[in-house]
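Contents: one structure, followed by commentary.
Bear in mind that the values in this text are calculations on the coordinates, not laboratory data. No experiment lies behind these values; they were computed from the predicted model shown. Cβ: placed from backbone, ideal geometry, glycine included. Neighbour counts: every protein chain shown.
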Amino acid sequence: MSKIELPAIIENTQPTLIAITKALGVPRDLLASDDEIENAWESLPRLMKKIPPELRTEGLAKMCVAVSTGLFDSAINYIWNSSVIELRDKVKRFGLNVVEQVTDRSNFDERVLLEMKDAELLTLCLKLNLITEDGYFFLDQCRDIRNNFSAAHPVVGQIDDSEFLSFVNRCAKYALGNENNPVGVNLQAFIQALKSGRFEAEQRKQWVKRVKRTHEAQRNLLLITLHGIYCDPDGNEKSRLNAIDICSAIQDDFTPKNKEDLIDKHAEYAAKGDDKRHKASQQFFEKLRMLALLDENEWHALISNTCKKLIGVHQSFDNFYNEPPFADRLLELSQQGEIPDTVKNSFVNAIVMCAIGNQWGTSESAYGSYKKMVEGFSPSEIQIMLQLPDRKSIISQRIKSYKRCKNKFIDLVKSLESASVPTNAKTLYKKWSV
C-alpha cells in the first residue's frame, strides 16, 4: 500500500486560528491546542494506511481539513459518514435479495437500507457477519460518540486528540478495513440448481465455495435446507445426491449449532410420526458418519435391528453368499461411534456367531468385516466375547461341537489387542489365545 505523506500545516494554521478567534472575540482555547493538532496530524498517515486507497474519498479529505484546523468534532463526523457508506456497500455486495431471505424482511431494497438508522445497520452487519463481534462493540461506541460529541448534533462535551485518533482507528479497522467479507447465497437460485439435475464436478465445486464463503447464520439455513431436500420423499434422487454431496464437502466446518439444529430437525420428524422423512434423515446422518449424534435409544435401535437382520440372514438358506452386505452394513455403523451399553451383548453375539460360522464353514467374503469389528472391540465388548463359550448359547454349542468353529474362535481371540483386555478377563484371554 502506498505511503501517505501529509504536508506540514501547523506553521500555517497556527496564526490563522489565532486571527480568527481574535476577530470573533472568543478564546483561542475553544479550539484544539497546537500540540493536539500536531499530534493528530502526524498520527493520521499511519491510521489511514489501514484504509484501502479506493475508500480514501471525499469524506476522508474533509476529515483531514477539519483536523488541520483542530475541528475534531467535525472530523469524526466525516469519517463516521464514510464508514456508514462503506457498511451499506458491504450489505449491497452481500446481496440485498439474500438479506431479505436471511432476515425474513420482505421488500428489503436499497431504499430500506438507506433509511436504516446507524444502530440498525450495525446490527444487520453483525448478523450477516460483515463485521465481527469486536467490530460491532467498538463501532457501536463510535456511533454513540458521534451522536454526542460530533458537529452533527449539539455536543455534550469536547474530545481531545487521543480520543479522536482512537475513533479513527476503530473506523479504519472495523468498517473501512479491507477485510474478507462473505457474500450471500441466493437461496432460490441454490434450490433451483439442486433440483435441476445432477451437479457436474465444477458446478458442485462452485456451490460448495459459495456455501463456505457465506456467514454462519445463512450457512446454517442452507444446511437445514439441504437436509430437508434429502429427506423429502417426493424429491428426486439427483437432488438428494446433490444435497448430500454439498453437506459432505462442508462437513468439517460444521459448528455445534449446525449439528444441534440438524438433530432437532431429525427429532421433529420422529415427533410428528413422519416415518419416511425420519428414515431418510437417519440415512443422511449415516452418509455423513454422524449417527452417534442421534439419541442413544435411536442409536441402540439401529445397531440392534442391524444385528437381528445379520443373524436372520446367517441362519437362513445360502447364508455364505447373502451375509457380506449385512456384515458390511454393521461394520459401517460400528465405525460411527461407541456402541451403546444396552446393545453390546447383541452386537458382540451377532459378530462372533457369524464369524465362527457353523459346521459347514464361514462366509469368507464377510469374514474380513467380522475380523475388523472384533479387532475394534472395546474392553467391555472383549469381556462379553470371552465369556460367550461358557454361556448357554448357539455360540457355545458350536464351539463345543465343531472343531472348525472352535479354531475360528481362537483365531478371533488372537486378533484382540492384549492391552485392551480387561483385568477380570485376562484368565479367559490366556485360555483361548495360547
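Observations on the model:
- For the chain, the longest principal axis of the alpha carbon atoms and the long axis of helix 403-414 meet at an angle near 30°.
- Choice from P15, P256, P389 with maximal GNM fluctuation in the chain (Cα, 10 Å cutoff): P15
- The range 264-353: trypsin sites (Lys or Arg not before Pro) falling in loop per DSSP and having at most 16 other Cβ within 10 Å: K272, R289
- Extended-chain gain in nm, criterion 0.36 nm per residue less alpha-carbon gap, D253 and A292: 12.3 nm
- Tensor-based shape of the range 10-174 (alpha-carbon gyration tensor, a/c under 1.5 rounded, otherwise prolate or oblate): prolate
- Taking GluC sites (Glu not before Pro) across the range 1-46, the ones in a DSSP loop with at most 14 further Cβ atoms lying within 10 angstrom of their Cβ are E5.
- Note on the range 256-316 and the range 186-204: Cα centroid distance 27 Å, given to the nearest whole angstrom.
- Between the helical axis of 364-375 and the longest alpha-carbon principal axis of the chain there is an angle of about 60 degrees.
- Gyration tensor verdict on the range 187-293 (Cα atoms; rounded if a/c is under 1.5, prolate if a/b is larger than b/c, oblate otherwise): oblate
- Loop chymotrypsin sites (Phe, Trp or Tyr not before Pro), the range 344-434 (other Cβ atoms within 10 Å of the site Cβ: 15 or fewer; DSSP): W360
- Acute angle (nearest 10 degrees) that the helix 58-68 long axis makes with the longest principal axis of the chain, alpha-carbon atoms: 50
- Shape category assigned to the range 296-433 from the gyration tensor of Cα positions, a/c cut at 1.5: oblate
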